[in-house]
Amino acid sequence: MRKQDAPRLVTKLPGRRARMVVNLDKEHISPSYTRTYPLVVEKAEGIYLWDVDGNRFIDFNAGIAVCSTGHRHPKVVRAIQNQLGKFLHMSGTDFYYTVEVELAKALGEITPGNFRKKTFLSNSGTEAVEASLKLARYKTRRQNFIAFFGAFHGRSMGSLSLTASKAIQRKGFFPLMPGVTHVPYADCHRCVFNLVPKSCDFACVSYIEDVVFKKLVPGEEVAAFFVEAIQGEGGYIVPPFGYHQRVKKLAEKYGILFIADEVQSGMGRTGKMFAIEHWKVVPDIMALAKGIASGLPLGATVASAKVMDWPPGSHGNTFGGNPVSCVSALATIELLRDGLVENARRVGEFVKDSLEEIAECHPAIGWVSGLGLMLGVEIVSDTDRRKGDPAKRDAIVQECFERGLLILPTGPSAIRFSPPLVVKKAQAEIALEIFERAVSKVESRKR
């Protein structure tokens with residue numbers, strides 16, 4: 001482990017100043033937030049974070065896949081500083097400004113599909129999903145949607161109606177938006193039909209037409225399929241090649257729009273600009289956010305010009321397309337095009353191969369999934385490798401924190417690896433070494 005690349009812990013975690021902030025947080029901040037461990041950030045650069053007590057951590061979650069170009073990338077910071085010297089806000093809903101148009105043009109160029117596109121800019125992934133919902137209803141004049149078990153699309157009432165990853169996210173908020181039907185996703189490690197990919201012929205897709213459309217919701221009355229190319233909060237679940245092609249074919253058969261939620265999987269994270277490109281599928285609408293602006297709030301709903309033809313006044317917002325966020329996004333896209341997408345592919349392959357080697361030596365790890373630098377590790381029971389072990393997963397995450405590595409849980413029992421796309425192989429090696437030591441430590445404890 002190279003000392004200059006490793007974490008540096010100078011206090012017991014959490015330190016004195018961090019404990020003070022955590023206590024104030026409990027007094028003043030909404031208890032609805034989930035806090036995995038007591039990290040109180042003071043500053044950040046590249047793949048490193050420093051807390052208020054001077055401890056340095058390796059960041060392998062990137063603000064939940066948001067800081068795609070690393071923390072405070074110089075090119076992004078310069079773009080932001082330049083815009084700060086001009087103006088901060090004017091509302092893209094009511095006025096024109098150059099950087100908003102430039103960003104929409106760039107997004108039309110990098111998203112799948114060789115046709116003219118239009119973009120609605122917002123502040124977050126949830127808002128990008130809400131805009132997609134409204135646009136699909138407006139365009140199709142249909143009221144119903146198909147979403148998937150394990151999906152996470154946001155927590156506002158419309159996006160929450162599509163979300164089905166954890167019941168706690170819905171508890172206490174019913175009734176939700178009507179018209180959403182959930183169906184099984186292609187989770188081949190835990191297939192609800194108890195089939196195997198080689199012979200199932202995508203039974204989970206056939207189920208939509210053969211059961212849902214015939215017994216519950218007519219296909220002709222469904223506005224859109226809302227689907228994540230790779231499920232994020234559901235556990236970093238990667239469906240087999242052919243799955244999204246079959247879903248898209250079914251959508252086309254019934255005149256249903258295919259909406260790809262690329263909030264977490266997009267912007268280079270999987271080694272392609274967008275994860276859906278691995279399946280060679282062109283969505284009708286895409287919802288983007290997280291890594292789009294390297295940490296500034298921004299969401300985007302991108303659709304073909306034929307689909308996004310709603311009239312003035314049908315949708316809008318005050319802060320969407322903020323000029324500071326727009327220039328940050330333009331700098332981000334340039335960096336992604338100039339090598340960070342390729343770095344995600346290359347370093348991601350190394351990390352995945354290494355995790356699979358680690359898994360072979362540790363019974364706590366059931367399997368490794370993901371593409372590029374969107375990787376998941378499933379933590380399983382000692383007695384049943386198909387059964388997840390959330391307590392053991394949480395213990396590993398905590399052990400990594402105490403050793404200076406920041407990772408996060410995902411799904412019922414998985415750990416996500418989503419570092420900034422600037423991460424180098426040498427830095428990844430250190431993170432992997434810390435992770436394996438944490439796994440060994442947890443495995444050695446008597447249960």
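The values are calculated or read from the model by the stated rules, or taken from the named source; none is laboratory data. Source: prediction; values computed, not measured. Note that each Cβ is placed from the backbone with ideal geometry, even for glycine, and that neighbours are counted across all protein chains shown. Each accessible area value is taken on the protein alone, full model and side chains, heavy atoms only, with ligands, DNA and RNA left out. Shrake-Rupley method; radii C 1.70, N 1.55, O 1.52, S 1.80 Å.
Please state which one of 303, 331, 395, 289 is at pLDDT 95 or above and under 17 Å from the mean Cα position of the chain (by Cα). Let's see the steps before the verdict.
Numbers: 303 fails: under 17 Å from the mean Cα position of the chain (by Cα); 331 fails: under 17 Å from the mean Cα position of the chain (by Cα); 395 fails: under 17 Å from the mean Cα position of the chain (by Cα).
Among 303, 331, 395, 289, only 289 is at pLDDT 95 or above and under 17 Å from the mean Cα position of the chain (by Cα).
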Worksheet entry | Unmet criterion (only one of (1) free of Cβ contacts under 8 Å to residues at least 40 places away in the same chain; (2) open to solvent by less than 10 Å² (accessible area, probe 1.4 Å)) for residue 298 | (1)
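Kindly indicate whether residue 308 is open to solvent by less than 20 Å² (accessible area, probe 1.4 Å) and among the hydrophobic types (A, V, I, L, M, F, W, C).
Spelling it out, residue 308 is indeed open to solvent by less than 20 Å² (accessible area, probe 1.4 Å) and among the hydrophobic types (A, V, I, L, M, F, W, C).
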Worksheet item: at pLDDT 95 or above and either open to solvent by less than 20 Å² (accessible area, probe 1.4 Å) or within 20 Å of the chain's Cα centre (by Cα) (or both), is that true of residue 342?
Response: yes
Worksheet item: In this structure, is residue 431 touching a Phe, Trp or Tyr at 6+ places or on another chain (Cβ under 9 Å), open to solvent by less than 60 Å² (accessible area, probe 1.4 Å), touching a residue at least 60 places away in the same chain (Cβ under 8 Å) and small (Gly, Ala, Ser)?
Response: yes
Fill in: Scan of segment 98-130 for residues that are surrounded by fewer than 16 Cβ atoms within 10 Å (Cβ to Cβ) and either of a type in the set (A, V, I, L, M) or assigned to a loop (DSSP other than H, G, I, E, B) (or both), ordered by number
101, 113, 114, 115, 116
Practice prompt. Please give the number of the condition residue 176 fails out of (1) under 24 Å from residue 415 (Cα atoms); (2) free of Cβ contacts under 8 Å to residues at least 60 places away in the same chain; (3) not β-branched (Val, Ile, Thr).
Written response: (1)
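Please return the ranges of helices (runs of 4 or more DSSP H) entirely within segment 172-263 where 2 or more residues are farther than 23 Å from residue 287 by Cβ and modelled with pLDDT under 95. Before you say what the answer is, go through the steps one by one.
Values: elements: 197-200, 203-207, 243-253.
Filter on segment 172-263 gives 197-200.
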Worksheet entry | Pair list, Cβ under 7 Å, 6 or more apart: segment 261-279 residue within 21 Å of residue 225 (Cβ to Cβ) and among the charged types (D, E, K, R), other residue open to solvent by 10 Å² or more (accessible area, probe 1.4 Å) and not in a helix (DSSP H, G or I) | 261/228; 277/112
Worksheet, complete the sentence: Given the conditions (1) in a strand (DSSP E or B); (2) touching a helix residue (DSSP H, G or I) at 6+ places or on another chain (Cβ under 7 Å), every one holds for residue 80 apart from (1)
Practice prompt. Can you give me the number of residues within segment 397-428 that are within 18 Å of residue 56 (Cβ to Cβ), in a loop (DSSP other than H, G, I, E, B) and open to solvent by less than 10 Å² (accessible area, probe 1.4 Å)?
Written response: 5
Worksheet, complete the sentence: By residue number, the members of segment 267-289 that are basic (Lys, Arg) and either open to solvent by 10 Å² or more (accessible area, probe 1.4 Å) or not in a loop (DSSP other than H, G, I, E, B) (or both) are 272, 280
Worksheet item: Hey, among the residues in segment 182-196 that are in contact with a helix residue (DSSP H, G or I) (Cβ under 6 Å, 6 or more places away or on another chain) and surrounded by fewer than 16 Cβ atoms within 10 Å (Cβ to Cβ), which one's farthest from residue 148 (Cα to Cα)?
Response: 195
Discussion item. Could you check segment 1-22 and list, in sequence order, the residues that are open to solvent by less than 100 Å² (accessible area, probe 1.4 Å) and either in a helix (DSSP H, G or I) or of a type outside the set (Val, Ile, Thr) (or both)?
Written reply: 5, 6, 7, 9, 13, 14, 15, 18, 21, 22
